[in-house]
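Enquirer: Starting off with a structure, shown below.
The values are calculated or read from the model by the stated rules, or taken from the named source; none is laboratory data. Please read all numbers here as calculations on a predicted model, not as lab measurements. All Cβ positions, glycine included, derive from the backbone under ideal geometry; neighbour counts span all protein chains shown.
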């Protein structure tokens, strides 16, 4: 066991926060986020199997309501003339389904289920990233990639549970998913805005909206 690791987002010093069920979690002194020690990560094969167990039926009304904050924001700010990317779409790309039903041009990318490298060579007006960023093994690298894919006046729309000091981490359901390895504090999003040169960032519940 180590007492210090380097934050995989901001490169700050992260100190041992809690050990829960044998897993070591560290908190960054700079961005206040919580990260699982990399040696605790499950394998790629196990990760893919876990995703395949998700019940992601694109026609499920509950699933459609869950992603509604992103869909609503896209439809308010962009028209079908704009192009978007559903990044980390998983086995059931519900955001893509809904927006395509409304005439939008959406490209799908997922490293396991929609491995489409050409999708990462284009530029987009908006990127949807729903329940994805908590899975990033290297969030600094992934957010840099996402920023590079956006056009001027573009939007990166993420959804995740945000860590706050009020949360009883040991009892927090969100850490129990074996594929969740990074838990963002609001300060982390401010760091991303500043260091990756986004123009704005707003947080509305679980919805985090970056603009270029």
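Enquirer: Could you check the stretch 69-95 and list, in sequence order, the residues that are assigned to a helix (DSSP H, G or I), within 16 Å of the chain's Cα centre (by Cα) and without any contact (Cβ under 8 Å) to a residue 60 or more places away in the chain?
Expert: Answer for the stretch 69-95, where residues must be assigned to a helix (DSSP H, G or I), within 16 Å of the chain's Cα centre (by Cα) and without any contact (Cβ under 8 Å) to a residue 60 or more places away in the chain: 71, 94, 95.
Enquirer: Do we have any residue at all in the stretch 50-62 that's surrounded by 16 or more Cβ atoms within 10 Å (Cβ to Cβ), touching a helix residue (DSSP H, G or I) at 6+ places or on another chain (Cβ under 8 Å) and assigned to a helix (DSSP H, G or I)?
Expert: No, there is no match, as no residue in the stretch 50-62 is surrounded by 16 or more Cβ atoms within 10 Å (Cβ to Cβ), touching a helix residue (DSSP H, G or I) at 6+ places or on another chain (Cβ under 8 Å) and assigned to a helix (DSSP H, G or I).
Enquirer: Continuing with the same structure: Pairs please, first residue from the stretch 133-161 and assigned to a loop (DSSP other than H, G, I, E, B), second anywhere and surrounded by 21 or more Cβ atoms within 10 Å (Cβ to Cβ), Cβ atoms under 6 Å, 6+ apart in sequence or on different chains.
Expert: What qualifies is 136/182; 138/8; 149/124; 160/133; 160/134.
Enquirer: Applying the selection to the stretch 181-212, what residues are crowded, with 19+ Cβ neighbours inside 10 Å, without any contact (Cβ under 8 Å) to a residue 60 or more places away in the chain and assigned to a loop (DSSP other than H, G, I, E, B)?
Expert: 198
Enquirer: Suppose the filter is more than 20 Å from residue 47 (Cα to Cα) and surrounded by 15 or more Cβ atoms within 10 Å (Cβ to Cβ); does residue 167 pass it?
Expert: Details: more than 20 Å from residue 47 (Cα to Cα): yes; surrounded by 15 or more Cβ atoms within 10 Å (Cβ to Cβ): yes.
Yes; evaluated as a whole, the condition is true for this residue.
Enquirer: Moving on. Identify the residue in the stretch 23-48 that is more than 18 Å from residue 183 (Cα to Cα) and surrounded by fewer than 13 Cβ atoms within 10 Å (Cβ to Cβ) and, among all such residues, is nearest to the chain's Cα centre (by Cα). Before the answer, list the steps.
Expert: Quick first cut of the stretch 23-48, residues more than 18 Å from residue 183 (Cα to Cα) only: 43-46, 48.
Imposing the further condition that a residue be surrounded by fewer than 13 Cβ atoms within 10 Å (Cβ to Cβ) reduces the set to 43-46.
Values: 43: 19, 44: 17, 45: 20, 46: 19 Å.
Checked the stretch 23-48; the qualifying residue nearest to the chain's Cα centre (by Cα) is 44.
Enquirer: Of the numbered conditions (1) out of contact with any helix residue (DSSP H, G or I) (no Cβ under 6 Å at 6 or more places or on another chain); (2) buried (at least 17 other Cβ atoms within 10 Å of the Cβ); (3) under 23 Å from residue 69 (Cα atoms); (4) in contact (Cβ under 8 Å) with a residue 40 or more places away in the chain, residue 110 satisfies every one except a single condition; which is it?
Expert: (4)
Enquirer: When you go through (1) at pLDDT below 90; (2) touching a strand residue (DSSP E or B) at 6+ places or on another chain (Cβ under 7 Å) one by one for residue 49, which number turns out not to apply?
Expert: Among (1) at pLDDT below 90; (2) touching a strand residue (DSSP E or B) at 6+ places or on another chain (Cβ under 7 Å), residue 49 violates only (2).
Enquirer: Condition first: surrounded by fewer than 18 Cβ atoms within 10 Å (Cβ to Cβ) and either touching a strand residue (DSSP E or B) at 6+ places or on another chain (Cβ under 7 Å) or at pLDDT 95 or above (or both). Can you find one or more residues in the stretch 129-139 that meet it?
Expert: yes
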